[in-house]
1. Rounded to the nearest 10 Å², what accessible area does His87 have for a 1.4 Å probe in the complete protein model?
2. Compute the convex hull volume of the Cα atoms of the chain, divide it by the residue count, and report the result per residue in Å³ as a whole number.
3. So what is the relative contact order for the chain, in percent, with contacts set as C-alpha pairs under 8 Å and at least six apart?
4. Over the stretch 98-138, average the accessible area per residue using a 1.4 Å probe and give it in Å², no decimals.
5. Using a probe of 1.4 angstrom, how much of the accessible area of the stretch 327-397 is carbon and sulfur, in percent?
6. Phe33's amide H: which non-local residues (gap 5+, or another chain) put their own amide H closer than 5 Å, with H modeled 1.01 Å from N in plane and none for Pro or chain starts?
7. Taking 7 Å along the Cα-to-C-beta vector as the label spot, tell me the Asp31-Phe306 distance in nanometres, rounded to one decimal.
8. Could you tell me the ratio Rg/Rh of the stretch 141-268? Both radii from Cα atoms, Rh via Kirkwood.
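The values are calculated or read from the model by the stated rules, or taken from the named source; none is laboratory data. Computed from a prediction, not measured in an experiment: that's the story for all the values here. Cβ atoms come from the backbone with ideal geometry, glycine included; neighbour counts cover every protein chain shown. Heavy atoms of the whole protein, side chains included, go into the accessibility calculation; ligands, DNA and RNA do not. Shrake-Rupley method; radii C 1.70, N 1.55, O 1.52, S 1.80 Å.
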Amino acid sequence: MSTALPRKVAVLGATGSIGASVLDVIARHPDRFQASVLSAHRNVEALVALCERHCPQLAVIADPALEAQLARRLAAAGLACEVASGHDALTAAAASDQCDTVVAALVGAAGLDSTLAAARSGKRLLLANKESVVMAGPLLLQALAEGGGELIPVDSEHNAIFQCLPGGRPDLRASGVRRLILTASGGPFRGRKRAELAAITPEQACKHPNWSMGRKISVDSATLMNKGLEVIEAHHLFGAPVETIEVLVHPQSLVHSLVEYVDGSVLAQLGNPDMRTALAHALGWPQRIEAGVAPLNLAATAPLAFELPDLETFRCLALAFQALRAGGDATTLLNAANEVAVEAFLAGALPFLSIADVVEGVLTELPAQSVVDVETLRERDVEARASARRLLAHACR
Ligand code: NAD
Ligand code: MG
């Protein structure tokens, strides 16, 4: 048993898939962690249920129109926690002394400000919200350097790489690292060709073979844009040049990623596909804590398989590499275009294969510019979304 006070953990995006996993780990260690801030977008019922279970100091609902309802429901449940609402309240919570650890588990660019705020205020940042790195990687690293906090990646691939590197995030060249190899499950449509993907529905795309996740990342996994976003994420988080990052399809999702060294050694991190492993690693680091994850039984698994990704069918992965090579804010544009296209696909307004067309169209229409500051990036994000919507209207005609 630790004698120190429990770490105060803000779970931003508590009602989501990552939120549920991290709260499960936190609840296993009441002596070490307290969920001190919980947030949700619009689901008051789910947020109240989590507050009843975890008794946070602060509950934040992103939609201001729902604050009064949340306050009434919490009071009726006899809970004394503070209530706040809106995007700025979420950002303020990430920087406040109501937490010393922030789990960035919002989905999409909406997570950028709270992620930056946590980095700038020196918290331990458990980063799930990959879109904020893709959108503003250099600014996030700058905020971390200024704030003196620590970022522990919880995307399973990046957490695996973090575990396989000496001392977390060292200089890769000086450490003798030759390649970072990100594994990809290949998603639900692995092995299919373009013609077989024309009529894919949102329900089919969201049925991931190994992981249970939110709808946006599930679609990204089906297009392989998720792996593309992760390549960009790895580039920033580990300072890895694009030519040193490779993607390998591994359908079983047991090897979460690998690091190859110049002496020919390849270190990998393995485990069952359960996000609680990465989350427990990041919460407890540098110690190891129980995660509730079943032990990996390698003798009972099929032989581990690996293959190269099919970049012609899954063009989104090639587009992500293209944006990373283009440099500047091209990845901000890629992310914005993808968010708009995925939302349209989930709403039944865009065919599956057109997601890549919209992203490619935006990258063609808007040449990359250098990254200046967060305001400029936000303007570029808006510009890319407008361009994507114009292309959508065209694609759906
Ligand atoms: P999810 O859709 O299940 O949950 C998203 C959470 O964010 C919810 O709590 C929702 O209320 C909140 N949210 C959504 N939009 C918001 C907005 N505009 N303002 C404020 N709050 C908002 O998503 P998820 O699967 O938990 O993924 C969360 C993030 O973690 C994503 O960036 C995803 O790429 C990343 N990630 C997820 C997994 C996974 O296994 N689910 C694995 C690796 C990385
Ligand atoms: Mg991942």
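1. Result for His87: roughly 80 Å² accessible.
2. Convex hull volume per residue, Cα atoms: 146 Å³.
3. Relative CO of the chain lands at 14 percent.
4. Using a 1.4 Å probe on heavy atoms only, each residue of the stretch 98-138 averages 18 Å².
5. Here carbon and sulfur together make up 54 percent of the probe-accessible area.
6. Under 5 Å from the amide H of Phe33: Arg7.
7. Going from the Asp31 label point to the Phe306 one covers 4.1 nm.
8. Value, to two decimals: 1.02.
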